[in-house]
Amino acid sequence: MNLHTVLLARFKAALVAIGAPEDAPAPLAKSTRPEFGEYQFNGAMALAKMLKQKPRDIAEKIVAAVDLQGIADKLEIAGPGFINVHLNAAFMAKQLESAQQDPRLGIEQETAKTIVVDYSSPNLAKEMHVGHLRSTIIGDAVAKTLEFMGHNVIRQNHMGDWGTQFGMLLAHLNDKLAADEVAETALADLEDFYREAKVRFDNEEGFADRAREYVVKLQSGDGKCLTLWQQFIDVSITHSEEVYEKLNVSLTRDDIMGESAYNADLQNTLDELKAKNIAVEDQGAQVVFIEELADKEGNPAVYIVQKSGGGFLYSSTDQAAIRYRCGKLGADRTLIFTDARQALHFKQTEIVARKAGFINEQQTYEHCPFGMMLGQDGKPFKTRSGGTVKLADLLDEAVERAQTLMAKRESDLSEQERQEIAQKVGISAVKYADLSKNRTTDYIFNWDTMLSFEGNTAPYLQYAYTRVQSILRNAGVTAQSLSGSISLVAPQERTLAIKLLQMIESINQVTSEATPHVLCTYLYELASHFMSFYEACPILKEGVSEFDKQSRLRLAALTASTLKTGLELLGIDTMEKM
Ligand code: ARG
């Protein structure tokens, strides 16, 4: 059950009962301090203004009218007219008891929507860079959370596998293969390969012309050229897959819908834009003038959909992609994860697609931008020599560092267990460090903080989970076998209890705003509340009554399953020991 929804419905009914208009604001917030109860309803002030009455009088009327029987014990009016809601302990306990025995933690699924999630989407001409790491990690967490809530998620890996840069690359690959190299070795390092091709393009007599020829051939579907291209793409995709596997993300080959997949549709899309008079000719090119985004002088933004030579570009493909996703796939929502520098492109793309009717009023197009990953020096994350950091290497380093860390910790784990744990801790640390930051801001990549066992980190949460597991082990029980009733007496029990019941509120925020950090903060707070609870309310100590022991074990077990479920949604592994 969603507590917030239930309370809100009751308060709204009360507003109507006291004569408030249907659309009167009904803000209901979580309390910031336990003394103020669990929730605070703040609708009295605005309504008082609307009805020209005293806020406190209105608050009193709301309190008299609201039906919270069996849900809240006490409503108290504070300050100018805040209404503090103190929930009934037995009511909370009932909710917790059923959540504890439910694999879904008592969280109901929503009415299913079709949601396209466009993420990772690296450019295959080069190695995947840190920007794609962010897109991959954040997009995957959001996709999983949407699925958990019952939605039909369609992953779309919009790989950059087409475009003029492939002319140069294919010409170079052709020569390497002619000199008896195999594609896998020639393309072992895409960065190097790209650089070599570029040097030849800039300096070698005749190479640039050949490169341009390859572009034309590729676009006209020349067989030999397509075979070369396919070889290139296959090797490059394998590089990305190596990263996906290390990261343990849910993307598969079936999710790839690269730019090239839209080739056959680009002309149709353009024709439609032209027929509707949205795209017009301008100096030989086909463009859309976007008045909505005019500059200060009133000049409309220019959005090119076809270059003067007839070539298509990034925007042409995105128009075709919207047409496909909103039309054929019937996407109610489309979420796209790229760095913030592409914000304008997606804004323009949406405006144009809406004018064209490729996307209708009920459908949303949500660009979910993220900031940059920065090095310790606060500058964009690069290798010491200023090159692109190879993601596979970065992830290997994470595991190595976790190994060193694990070796220092005292434990009775076997060598193999240690290795497995280090693997999980290392990768999770990198992922969680990214996920836990508000995605729109830049963040500094720091090995020491992300691998710390203190603070809002993966190791801290993984450790909190194993801690509860060891309590259950020591008690000789399993989560499923627990059945005593839960009682909430100590303030720490109440604080933990309400937190446990609020998981759904964080999840809802993640699915509506595509912000996994909200769930991270939630889990971190939950783990911290658990630690305070465990300190104040011993479980296995001598002198604890059997009744209290059972109740506390159930709270502990529910904490563990909540942590596990939450971390799973984020793509973070848990283990039984560490
Ligand atoms: N390949 C692009 C890049 O690396 C991201 C593509 C995002 N999706 C899209 N539909 N444009 O920046």
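The values are calculated or read from the model by the stated rules, or taken from the named source; none is laboratory data. The model shown is predicted, which means the values in this text are computed figures rather than measured ones. Don't worry about glycine lacking a Cβ; one is built from the backbone with ideal geometry, like all the others, and counts go over all protein chains shown.
One line per residue, one yes/no per condition, for (1) part of a loop (DSSP other than H, G, I, E, B); (2) under 19 Å from residue 265 (Cα atoms); (3) away from the ligand (no atom under 16 Å from the Cβ); (4) not small (Gly, Ala, Ser):
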position: 292; (1), (2), (3), (4): no, no, yes, yes
position: 296; (1), (2), (3), (4): yes, no, yes, yes
position: 305; (1), (2), (3), (4): no, yes, no, yes
position: 309; (1), (2), (3), (4): yes, yes, yes, no
position: 316; (1), (2), (3), (4): no, yes, no, no
position: 319; (1), (2), (3), (4): no, yes, no, yes
position: 327; (1), (2), (3), (4): no, yes, no, no
position: 330; (1), (2), (3), (4): yes, yes, yes, no
position: 338; (1), (2), (3), (4): no, no, no, yes
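Would you be able to say whether some residue in the stretch 232-243 is closer than 25 Å to residue 138 by Cα and small (Gly, Ala, Ser)?
Yes, the stretch 232-243 contains a residue that is closer than 25 Å to residue 138 by Cα and small (Gly, Ala, Ser).
Take the residues of the stretch 316-331 that are surrounded by fewer than 19 Cβ atoms within 10 Å (Cβ to Cβ) and in contact (Cβ under 8 Å) with a residue 12 or more places away in the chain: which is farthest from the chain's Cα centre (by Cα)?
327
Which of the residues belonging to the stretch 128-143 are modelled with pLDDT under 95 and away from the ligand (no atom under 14 Å from the Cβ)?
none
Looking at 69, 109, 95, which is the one that is assigned to a helix (DSSP H, G or I), among the polar types (S, T, N, Q) and more than 16 Å from the ligand (Cβ to nearest atom)?
Residue meeting the stated conditions: 95.
Name the one entry in 334, 364, 349 that is within 30 Å of the chain's Cα centre (by Cα), more than 30 Å from residue 220 (Cβ to Cβ) and within 13 Å of the ligand (Cβ to nearest atom).
Every option except 334 fails the conditions.
Mind counting the residues in the stretch 243-268 that are away from the ligand (no atom under 14 Å from the Cβ) and outside any helix (DSSP H, G or I)?
4
Of all residues in the stretch 253-297, which are out of contact with any Ser or Thr (no Cβ under 8 Å at 6 or more places or on another chain) and touching a residue at least 60 places away in the same chain (Cβ under 8 Å)?
Residues satisfying the conditions are 255, 256, 257, 258, 260, 263, 272, 273, 276, 278, 288, 290.
Identify all residues within the stretch 455-493 that are assigned to a loop (DSSP other than H, G, I, E, B) and closer than 20 Å to residue 571 by Cα; write none if there are none.
455, 456, 457
Yes or no, residue by residue, for (1) within 24 Å of residue 94 (Cα to Cα); (2) among the acidic types (Asp, Glu); (3) surrounded by fewer than 18 Cβ atoms within 10 Å (Cβ to Cβ); (4) touching a His at 6+ places or on another chain (Cβ under 8 Å):
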| position | (1), (2), (3), (4) |
| --- | --- |
| 491 | yes, no, yes, no |
| 494 | yes, no, no, no |
| 510 | no, no, no, no |
| 514 | no, no, no, no |
| 532 | yes, no, yes, no |
| 541 | no, no, yes, no |
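Let's see how each residue does on (1) out of contact with any strand residue (DSSP E or B) (no Cβ under 9 Å at 6 or more places or on another chain); (2) closer than 24 Å to residue 121 by Cβ:
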{"residue": "360", "(1), (2)": "yes, no"}
{"residue": "378", "(1), (2)": "no, no"}
{"residue": "392", "(1), (2)": "yes, yes"}
{"residue": "398", "(1), (2)": "yes, yes"}
{"residue": "404", "(1), (2)": "yes, no"}
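For the stretch 160-191, which positions are within 15 Å of the ligand (Cβ to nearest atom), touching a Phe, Trp or Tyr at 6+ places or on another chain (Cβ under 9 Å) and within 16 Å of residue 213 (Cβ to Cβ)?
163, 165, 166
Kindly provide the set of residues from the stretch 269-278 that are assigned to a helix (DSSP H, G or I) and surrounded by fewer than 12 Cβ atoms within 10 Å (Cβ to Cβ), ordered by number.
Scanning the stretch 269-278 gives 271, 275.
If we keep just the residues of the stretch 398-420 that are assigned to a helix (DSSP H, G or I) and free of Cβ contacts under 8 Å to residues at least 12 places away in the same chain, which is farthest from residue 249 (Cα to Cα)?
For the stretch 398-420, the residue satisfying everything is 408.
Step by step: first the residues of the stretch 114-127, then only those that are within 26 Å of residue 380 (Cα to Cα) and of a type in the set (S, T, N, Q), then the one that is farthest from the ligand (Cβ to nearest atom). Which residue is that?
Ranking the qualifying residues of the stretch 114-127, first place goes to 120.
From the list 366, 350, pick out the single residue that is part of a strand (DSSP E or B) and touching a residue at least 12 places away in the same chain (Cβ under 8 Å).
Exactly one of 366, 350 is part of a strand (DSSP E or B) and touching a residue at least 12 places away in the same chain (Cβ under 8 Å), namely 366.
So residue 194 clears everything in (1) in contact with a Lys or Arg (Cβ under 6 Å, 6 or more places away or on another chain); (2) over 22 Å from residue 230 (Cα atoms); (3) within 16 Å of the ligand (Cβ to nearest atom) except one condition, right? Which one?
Evaluating residue 194 over (1) in contact with a Lys or Arg (Cβ under 6 Å, 6 or more places away or on another chain); (2) over 22 Å from residue 230 (Cα atoms); (3) within 16 Å of the ligand (Cβ to nearest atom) leaves (2) as the failure.
Can you report the number of residues in the stretch 126-181 which are in contact with a Leu (Cβ under 8 Å, 6 or more places away or on another chain), surrounded by 24 or more Cβ atoms within 10 Å (Cβ to Cβ), within 16 Å of residue 368 (Cα to Cα) and of a type in the set (D, E, K, R)?
Final tally of qualifying residues: 1.
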